[in-house]
Amino acid sequence: MLLLPTDIYISAGVASVALTVLLLTVLPARRLRAVFRPIPLWRWSARPIGSNLTSCLAFLLLCTLIWLGMTGPRDPLTNPLPLAIWTVWWVGLVSLQGVLGDLWRWVDPWRGPVALTRHVLWQGPLLRLPAALGQSCAILTFLGFVIILLADPAPSDPARLAGYVGLYWLFTYLALLVFGPRWRWRGEGISMLMRSYAAVGIFGRYRDRFAVGGIGWQATRNRTPAIGAAIFMLVMLGCGSFDGLNETFWWLDLLGINPLEFPGRSAVIWQNIVGLIVANMALIAAYALAIWLGLTLAGGGLGWARAFCIFAPSILPIALGYHIGHYLTSMLVNGQYALAALNDPLARGDSLLGLETFYVTTGFFNSQDSVRVIWLSQASAVVIGHILAILMAHFSALRHFGTNRRATLSQLPLAGFMVLYTLFGLWLLAAPRGF
């Protein structure tokens, strides 16, 4: 736990977000548009050959990691598979995807193998994915992934994780062959997650050129997401928030568990699953209420469902900021273990990277100065995410309501929701944890 005078930092963070809301009431629209104006760099190449090749290489690497998970050391901090999945990919790559742009297309382990299979066996999908399902399958597969992360008794056990990863890859591979590319954007939760975060990154495609811009510029220019995709974006935030909430003393006390005598993850499996679902439902309901109140204040002009979808992408910087802030301490420690595992993947005393005397350190948690820097970095990620979310939402409101007055009125309840969520996110970072 990072024992600091966090009340001061939390107050400052919430005040920063609240002042951003006030600033938008007087900020000229042209200034806000400049924040999300992309700068074209060079002509975009849409050839899939390169990404298919790197995808096949990523698939071979994944197969190697699964093999190491089944045959390598049993210690999750020594075996490369848990470190690759939960630290390098889930923490590192997902964060970079949200900051930089679509890196996933180059390391997606399905794109290349599916393209190769179709080239050899058949071209088209076998079945058509019913349009009525929308993105419901993607929401369910993503929730399944999060349930394993939060509720499984031993998600980092190498052999257990190897089974999960292998089965999920095979299931998705077969679904892509049967339903075609639509499964990637409407049925596969990981691809939906990465696609959503890619829209926040600073690098992307603008017309026919590779471009760079402020975080969120792509999301403000993309087509309005379908209702299922909008709900998925909120689920991303809800799952990330519950990932922090389920470890707090408050949550364990609510379950009647002494956090100082935590009995183990197997004692809270169903409680965490139910809590995850309830947390997401509550978040979606609160967001929907804020949208309805905003439309009421602005005097209408948009249908409720359309407004729900228009402003949903503005939630993504909040989800990304909390993801980075929540996992920063884990990355600082487990990133070292990942480097050590890469140096000696079979735990035989090898030194593939020449790091013969490499030691993992946690000494930076023993100094108040370094802990303050870490906590401020976490808090900054959360606060900046909320500020960007407010800017994105107001930019979208200006485009659809026309005048600054109506746009501001429509955003007041949503901005209030974001200010409260800033307080909640910073509290989660500072709250004592039971395990």
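Mind giving me the FRET efficiency for N343 and R306? R0 is 51 Å, r the Cβ-Cβ distance, nearest 0.05 is fine.
On the way: r = 53 Å, r/R0 = 1.04.
For R0 = 51 Å, the calculated efficiency reads 0.45.
Between the DSSP loop rule and a limit of at most 14 other Cβ atoms within 10 Å, which chymotrypsin sites (Phe, Trp or Tyr not before Pro) in segment 100-134 are left? The partial results should precede the final answer.
Working: sites: W104, W106, W110, W122; in loops: W110, W122.
Sites meeting the loop and neighbour criteria: W122.
Is the chain best put as rounded, prolate or oblate by its Cα gyration tensor, with a ≥ b ≥ c the root eigenvalues, rounded for a/c under 1.5, and otherwise prolate when a/b is larger than b/c, oblate when not? Let's see the in-between values first.
Values: a/c = 1.59, a/b = 1.17, b/c = 1.36.
Oblate shape, in that a/c is at least 1.5 and b/c is the bigger or equal ratio.
Roughly how much of L398 is accessible, in Å² to the nearest 10, using a 1.4 Å probe?
20
When the Karplus curve 6.51 cos²θ - 1.76 cosθ + 1.60 is applied with θ = phi - 60°, which whole-Hz ³J(HN,Hα) does each residue of segment 125-142 get, with x for Gly and Pro?
For segment 125-142, the Karplus-derived couplings read x, 7, 10, 9, 6, x, 5, 5, 6, x, 9, 5, 5, 5, 4, 5, 5, 5 Hz, x marking Gly and Pro.
Going 7 Å from the Cα of R33 in the Cα-to-Cβ direction, what parts of segment 195-223 have a backbone nitrogen less than 19 Å from that spot?
Flagged as within label range: 206-207, 212-223.
When you take every Cα atom in segment 227-279, what is the radius of gyration, and what is Dmax, the widest Cα pair distance, in Å?
12.8, 43
Could the peptides 267-273, 156-162 be put in order, highest first, of the mean number of other beta-carbon atoms found within 10 Å of their residues?
Details: 267-273: 15.9, 156-162: 20.3.
Ranked from most to least packed, the peptides come out as 156-162, 267-273.
Among L339, L81, G112, flag the residue with its Cα farthest along the positive direction of the charge dipole of the chain, charges on Cβ as +1 for Lys/Arg and -1 for Asp/Glu.
G112
On a C-alpha basis, how far is the centre of segment 49-84 from the centre of segment 279-358 in Å? Whole number, if you could?
Using only Cα atoms to place each centre, the spacing works out to 23 Å.
With charges only on Cβ, +1 for K and R and -1 for D and E, what is the dipole size of the chain about its Cα centre, in debye, rounded to 20? Could the numbers behind the result be given before it?
Details: 29 positive and 16 negative charges, 476 e Å.
So the magnitude is around 2280 debye.
Whole-Hz Karplus ³J(HN,Hα) for segment 381-398, in order, using 6.51 cos²θ - 1.76 cosθ + 1.60 and θ = phi - 60°, x for Gly and Pro?
Each residue's phi maps through the Karplus curve to give 4, 5, 5, 4, x, 5, 4, 4, 4, 5, 4, 4, 5, 5, 4, 5, 5, 4 Hz.
Not counting ligands, DNA or RNA, and with a 1.4 Å probe, what is L260's accessible surface area in Å² rounded to the nearest 10?
Counting only protein heavy atoms, L260 exposes about 140 Å² to solvent.
Please identify the trypsin sites (Lys or Arg not before Pro) of segment 346-435 that satisfy two criteria: DSSP loop assignment and at most 13 other Cβ atoms within 10 Å. Which are they?
Numbers: sites: R348, R372, R399, R405, R406, R433; in loops: R348.
Sparse-neighbourhood loop trypsin sites (Lys or Arg not before Pro): R348.
Pick from A338, A347, A393: which residue has the top mean-square fluctuation in a GNM of the chain where Cα pairs under 10 Å get a spring?
Result for the chain, Cα springs under 10 Å: A347 fluctuates most.
Going by average Cβ density within 10 Å per residue, which order do the peptides 362-369, 325-332, 32-39 take, highest to lowest? Each step should come with its number before you reach the end.
Working: 362-369: 10.4, 325-332: 18.6, 32-39: 15.8.
Answer by packing, highest mean first, reads 325-332, 32-39, 362-369.
Placing unit charges on C-beta atoms (Lys and Arg positive, Asp and Glu negative, everything else neutral), compute the dipole magnitude of segment 101-234 about its Cα centre in debye, rounded to 20.
Values: 14 positive and 6 negative charges, 124 e Å.
Using Cβ point charges on Lys, Arg, Asp and Glu, segment 101-234 gives about 600 debye.
Modelling each spin label as a point 7 Å along the Cα-to-Cβ direction, I'd like the T71/R265 distance in nm, to one decimal.
Label at T71, label at R265, 2.6 nm between them.
I need the peptides 232-240, 66-74 ranked by packing, meaning the mean over residues of other C-beta atoms within 10 angstrom, with the highest value on top. Mind dumping the intermediate values first?
Details: 232-240: 24.8, 66-74: 17.3.
The densest-packed peptide leads the list: 232-240, 66-74.
For segment 260-271, just list the computed ³J(HN,Hα) in residue order, Karplus coefficients 6.51, -1.76 and 1.60, θ = phi - 60°, integers in Hz, with x standing in for Gly and Pro.
7, 10, 4, x, x, 5, 5, 7, 10, 4, 5, 4
The values are calculated or read from the model by the stated rules, or taken from the named source; none is laboratory data. Bear in mind the structure is a predicted one, so any value in this text is a computation, not a measurement. Heads up, the Cβs are rebuilt from the backbone with ideal geometry, glycines too, and the neighbour counts pull from every protein chain shown. Note: areas computed on protein heavy atoms with side chains; ligands, DNA, RNA excluded. Shrake-Rupley method; radii C 1.70, N 1.55, O 1.52, S 1.80 Å.
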